[in-house]
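To keep things clear, I will list the structure first and then write my remarks on it.
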Amino acid sequence: KAFECVPGLGEPYMLDDGETRGVNPAHVLFQLLTGEFPYGIGIPIENIDILSFRAVALLCRQEHLPCNLEIADNTTADKVIQGILADIGCFLTDSPKKDKFMLVPLRENVGDIPEFTDDVVLAPDLEVNISTEERDVDRVVFSFKDAAQNFRDNDIKIDNDGDGVELHRYKNTDVALTIPTHIKIATKISDRRIQEPFGDDGNFKVTASRAAGLLLPGQAFSLPNVGIMRVFSKKPDT
């Protein structure tokens, strides 16, 4: 099935820089979320925050992230949606009023970010969960379908240059990219996604009140004596 342009997104359906070409991922996400089964998961259009999708459509054009994918039979739409979100670096979350789905990009912070002051953070101030186990991954292999090789499997290997080099062996993990079919786009995506397996796997629980509840997954905030953090999930507590 060929997806159609979504006029409300305000950005061209196709992205083309003369070297790589594909559909704007925000258009594909919109169609997969609102499309009827088996081509989507059937969310009513009125339950989509169109402004957030418009902002991501603009971001995908500015960063040039063309999407080329084929959805095989018996592949559920949610798996494809998850892959696209990971490749373009976005959270799909509820809006503050809980009445719409919206996209929140994961990017370097610009401008001011919220700061949790003493009147916002409640006791216990911070619960820390830091993994003390040996890191599992020394090498990540990002795979994609390479159009230049007639859509054969190609990969990008990124090493954590520590024990692997010294011992001449690596503990691999494989990550399948969803949207790229060109080495240039796959490299751009893998450079950003490498923090997932190589980053710090510790996590923090912050109990906060007041306007802190308006933060959405994916958004950043500053915590005194800790630094800048990013919301992964939140849970209301009466």
Seminar exercise, completed: Those residues of segment 140-153 which are open to solvent by 50 Å² or more (accessible area, probe 1.4 Å) and under 23 Å from the mean Cα position of the chain (by Cα) amount to Lys145, Asp153
Exercise. Out of all the residues in segment 203-238, which are part of a loop (DSSP other than H, G, I, E, B), open to solvent by 50 Å² or more (accessible area, probe 1.4 Å) and at positive phi?
Worked result: Asn225
Exercise. Would you pick out the residues in segment 72-125 that are among the polar types (S, T, N, Q) and loosely packed, with under 11 Cβ neighbours inside 10 Å?
Worked result: Asn74
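Listed here are the residues, each with its yes/no results for (1) part of a strand (DSSP E or B); (2) at pLDDT below 90.
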position: Glu134; (1), (2): no, yes
position: Val141; (1), (2): yes, no
position: Asn154; (1), (2): yes, no
position: Glu166; (1), (2): no, yes
position: Thr173; (1), (2): yes, yes
position: Pro180; (1), (2): no, no
position: Lys188; (1), (2): no, no
position: Asp191; (1), (2): no, no
position: Asp201; (1), (2): no, yes
Exercise. Of Arg61, Arg54, which residue is without any contact (Cβ under 8 Å) to a residue 60 or more places away in the chain, touching a Pro at 6+ places or on another chain (Cβ under 9 Å) and open to solvent by 70 Å² or more (accessible area, probe 1.4 Å)?
Worked result: Arg61
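The values are calculated or read from the model by the stated rules, or taken from the named source; none is laboratory data. For clarity, every value in this text was computed on a predicted model and none was experimentally measured. Heads up, the Cβs are rebuilt from the backbone with ideal geometry, glycines too, and the neighbour counts pull from every protein chain shown. SASA here: full protein model, heavy atoms, side chains in, ligands and nucleic acids out. Shrake-Rupley method; radii C 1.70, N 1.55, O 1.52, S 1.80 Å.
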